[in-house]
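Data first, discussion second: the structure below is written as structure tokens.
The values are calculated or read from the model by the stated rules, or taken from the named source; none is laboratory data. Being a predicted model, the structure only gives us computed values, none of them experimental. Cβ placement follows ideal geometry from the backbone for every residue including glycine, while neighbour counts extend to all protein chains displayed.
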Amino acid sequence: MRTGLGLFCIATLLLGAGQALAGEIRIGAGAAPTENVLKPVEAAFEKASGHQLTILATGPKNALQDLEKGLVDAAAAGLAWPDWLALMQKEGVPVADANAYQTTVIGQDRIAVLTHPSNPVKSLDAEQLKGLFTGAIDNWKALGGPDAPVIVVWGKLMSGTNSLFQKRMMGGAEPGGAVLEATTAEDVRQMVAANAEAIGIGPMAMLDATVKSPGTPEISRPITLATKGVPAPAVKQLLDYIAGPGQEHIRK
């Protein structure tokens, strides 16, 4: 007959075994997967799985390089896989063997244009966006706004978001005029919120009361997660969670 102490010891051993199975999942990511998928599911997934989810918002280029080096378990970007490969080529770090990776679309995102809440400009068409972000339009007065210089906030760790926006809205051009360099999408949001003359871009999930988004042509993109080879069991568990219970948390 088992004593109360014996049952306690068995329960403790089982709990310890369960905790031993859990571990850290490291994911390098761009702005779109970080804000739309990974951060929203982080707490619930950790509670359900016992794994620790570590999100490294280093941008898609660094994330894929870190995956190649074995520094992370997966990489994620707001790009279709062919566009991600094209970005790596453009950045001077082409992927030697694209077939070595396995990819899964884990969400969708729309790129939002961010302006200060006090900016009266309500909508911007493709030509106006190109003009603003390349420096050809350098004063908001030209668009019915205040007589104030345009400040472009550009996140250097948002290469996936940036490259797609440049391709679709800027004719492939680089940002011009008065450019204020930021890092992550959160940094872009904070800088736009702090500067009445600013304009920036980021995942739709970044919108809150501190910034606004004028009406613009829609730019949607898939959010892709890549692993080198077949996903490790813990990463597969994360993918299954994102596709199942995690859907109630994901920003769409």
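Only one entry of Val235, Val230 meets the criterion of being over 16 Å from Thr115 (Cβ atoms), surrounded by fewer than 17 Cβ atoms within 10 Å (Cβ to Cβ) and either in contact with a helix residue (DSSP H, G or I) (Cβ under 6 Å, 6 or more places away or on another chain) or at pLDDT 95 or above (or both), and that entry is Val230.
Scanning region 196-226 for residues that are farther than 19 Å from Lys130 by Cα, β-branched (Val, Ile, Thr) and surrounded by fewer than 22 Cβ atoms within 10 Å (Cβ to Cβ) gives a single hit, Thr210.
Evaluate the following for Ala77: is it surrounded by 14 or more Cβ atoms within 10 Å (Cβ to Cβ), touching a Phe, Trp or Tyr at 6+ places or on another chain (Cβ under 7 Å) and at pLDDT 95 or above? Criteria met by Ala77. The condition (being modelled with pLDDT of 95 or more, more than 15 Å from the chain's Cα centre (by Cα), assigned to a helix (DSSP H, G or I) and not hydrophobic (A, V, I, L, M, F, W, C)) is satisfied by just one residue among Glu42, Glu68: Glu68. Only a single criterion out of (1) modelled with pLDDT of 95 or more; (2) within 19 Å of Ala205 (Cβ to Cβ); (3) surrounded by 16 or more Cβ atoms within 10 Å (Cβ to Cβ) is not satisfied by Asp109, namely (1).
For the residues Gly177, Gly155, Gly135, the requirement of being farther than 18 Å from Ile219 by Cα, in contact with a strand residue (DSSP E or B) (Cβ under 7 Å, 6 or more places away or on another chain) and in contact (Cβ under 8 Å) with a residue 40 or more places away in the chain singles out Gly177. Can you pull out every residue in region 99-129 that is more than 20 Å from Leu164 (Cα to Cα) and free of Cβ contacts under 8 Å to residues at least 60 places away in the same chain? Residues satisfying the conditions are Asn99, Pro120.
With respect to the conditions (1) aliphatic (A, V, I, L, M); (2) closer than 26 Å to Leu180 by Cα; (3) more than 23 Å from the chain's Cα centre (by Cα), Ala96 falls short on a single one, namely (2).
Looking at the structure I just gave you, is Thr104 at pLDDT 95 or above and surrounded by 13 or more Cβ atoms within 10 Å (Cβ to Cβ)? Judged against the criteria, Thr104 is a match.
Kindly indicate the residue of region 120-173 that is within 19 Å of Gly59 (Cα to Cα), in contact with a Phe, Trp or Tyr (Cβ under 9 Å, 6 or more places away or on another chain) and not hydrophobic (A, V, I, L, M, F, W, C) and also surrounded by the most Cβ atoms within 10 Å (Cβ to Cβ) among those meeting that condition. The qualifying residue surrounded by the most Cβ atoms within 10 Å (Cβ to Cβ) is Gly160.
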